[in-house]
Amino acid sequence: MSKVTCDVSVSVDGYSAGLNQTEEQPFGDRDGEALHRWMFEQAEQNATEVAAILTARAYVMGRNMFGPVRGEWDRPWRGWWGEDPPYHAPVFVLTHYPHEPLQMQGGTTFYFVTDGIESALAQAREAAGDGEVSIAGGAHTVSQYLVAGAIDELRLHVAPMVFGQGERIFDGVGPLNLEQIGEARGTDLVTHLTYRVVR
């Protein structure tokens, strides 16, 4: 069975975004974009971690990560990433509202799953074959899969920031045993921590 990984950039206090997401503020009302500076401003120093994110053969994400549209799909929306998203693989988006698949450039196709996290993961596993499946976020989606015991490897990319409030991973997850894999490493913008989720 394929390994399920999760990469998430977080503040020191565990937030992956602020509140009040809008189209203009994808990460809400905190400086959420600063959580990801390491990926863009220090791509060379963090090449191993960036490459690891993109090795998955299929992805699962929540609707909030896909975009700011709420309720029925009442207007066109093709994601935050333009016509060539970085995934280059099938992406299964959790939603309560049906939507036709969106085929993008570069091999990314967004599929919209209305029957829950287990179904989305099963579809992603089938698409990935023997490759990795990545739980791409956001915080609520990551927490749901942690509660379900479905994540094998959790990779935290911790930015030296404190949010104080926002969208936080681990909320509602309960006790969780993690075993650190390898050494922590990083730069002035990020510390990379990789954990095996112990069951």
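A few comments on the model shown:
- Taking the listed residues T48, T95, the one that is free of Cβ contacts under 8 Å to residues at least 12 places away in the same chain and either hydroxyl-bearing (S, T, Y) or touching a Cys at 6+ places or on another chain (Cβ under 7 Å) (or both) is T48, with no other qualifying.
- Subset of segment 185-198 that is within 20 Å of the chain's Cα centre (by Cα) and not in a strand (DSSP E or B) - its residue that is farthest from R155 (Cα to Cα): L189
- Residue list for segment 21-63, filter: loosely packed, with under 13 Cβ neighbours inside 10 Å and either hydrophobic (A, V, I, L, M, F, W, C) or assigned to a loop (DSSP other than H, G, I, E, B) (or both): T22, E23, E24, F40, A43, E44, A47, A51, T55
- Residues in segment 64-88 that are within 14 Å of the chain's Cα centre (by Cα) and either loosely packed, with under 12 Cβ neighbours inside 10 Å or among the aliphatic types (A, V, I, L, M) (or both): M65 only.
- Filtered by the rule that a residue be small (G, A, S) and surrounded by 19 or more Cβ atoms within 10 Å (Cβ to Cβ), segment 117-142 gives A120, A124, A127, A128, S134, A136, G137, G138, A139.
Computed from the coordinates by the stated procedures, all read-outs in this text should not be read as laboratory data. Because the structure is a prediction, the values reported are computed rather than measured. Cβ sites come from the backbone with ideal geometry, for glycine too, and all protein chains shown count toward neighbours.
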